[in-house]
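One structure, pasted below without further comment.
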Amino acid sequence: MLRAVVFDFNGVLVDDEPIHLEVFQRVLADEGIALTAEEYYARWLGQDDRAVFAGVLEENGQAVHPPRLMRLIARKAAWYQDRMRREGYPFFPGAADLVRAVADRGWVLALVTGALRDEVEGALRQAGILECFKVLVTAEDVAEGKPDPAGYLEALEILNSQPPLPERLFHPHEVLAVEDSPAGLTAAAAVGFATLALEHSYGRDRLAGAGVVVPSITGLTPERLEEIYAEAAG
């Protein structure tokens, strides 16, 4: 029985991957590094800022150390937040409505992402859905981002241990994770969650590990999620 739905953030609720690429490129250009769209979407999509900056620096033969990474992450966050303040967070059509409908259905909602907490809370607050979520696990909450399962393990722990406490513990097989990247699917599946993939970021061919693949979040309903869960859980 489906009892909880866990959403990714970038590329699932918010259509901001092109914006993240643009800001990564701007920050890295100041470091003398060119990051192409092809490289970003093939190698780095779905990973948190720390992993992207560390990986790109290493591949370009440049030093990777914590103070430098923190400086790059902070600069990217500042430029991203400035863009969001000016233009607003670009939610996918129907994404916020689906969150509200899932909450109204009585399922518990969580979010697991490599995005920074300020970005996540700002977006959810803009859409009026922040209070729909019991759990937010963001980049600051785990030592390793996806494909490491730490974020999903943390979400499951919070679902079971923080008020309001469930009448009985959530088991992984009662949770559906909604992702758009192979890294996210790997992380969710490692915890035992059923998985739904949205194919707009990577295409169906690279999402073979998903329980079910659909074109986008637009048009999904709680009833459809329940059907997907039944199929994905097998």
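No value in this document is a laboratory result; all are computed from the given coordinates. This one's a predicted model, so the numbers in the text were calculated from it and none came from an experiment. Note: ideal-geometry Cβ built from the backbone for every residue, glycine included; neighbour counts use all protein chains shown.
How large is the Kirkwood hydrodynamic radius of the range 178-227, in angstrom, based on all distinct alpha carbon pairs?
Values: mean 1/r = 0.0919 Å⁻¹.
For the range 178-227, inverting the mean 1/r across all distinct Cα pairs yields 10.9 Å.
Also: Could you state the angle between the C-alpha long axis of helix 17-30 and the longest principal axis of the C-alpha atoms of the chain, as a value from 0 to 90 degrees rounded to the nearest 10?
20
Around G11, which amide H atoms from residues at least 5 apart in sequence, or from another chain, sit under 5 Å from its own amide H, with H modelled in the peptide plane?
The list, which skips near neighbours in sequence, is D16, E17.
Let me ask something additional. For helix 222-233, what angle does its Cα long axis make with the longest principal axis of the chain, in degrees from 0 to 90 and rounded to 10?
80
In whole Å, what is the distance between the alpha-carbon centres of the range 168-228 and the range 107-148?
Using only Cα atoms, the two centres lie 17 Å from each other.
Okay, moving on. Let me check I've understood the local charge: for Y40, count other residues with C-beta under 11 angstrom from its C-beta, Lys and Arg +1, Asp and Glu -1. What total comes out?
For residues surrounding Y40, the net value is -3.
What residues qualify as long-range amide H neighbours of F91, i.e. H under 5 Å apart, gap of 5 or more or another chain, H built at 1.01 Å from N?
D15
Largest first, please: the extent of the C-alpha atoms of the range 17-87 along each principal axis, to the nearest Å.
Rounded to whole Å, the extents work out to 36, 27, 21 Å.
Would you mind ranking D16, D118 by Cβ crowding within 10 Å, fewest neighbours first?
Listing D16, D118 from fewest to most nearby Cβ atoms yields D118, D16.
Collect residues whose amide H, placed 1.01 Å from N in the peptide plane, falls under 5 Å from the amide H of V213; neighbours closer than 5 in sequence don't count.
Amide H to amide H, under 5 Å and 5 or more residues apart or across chains, V213 pairs with A197.
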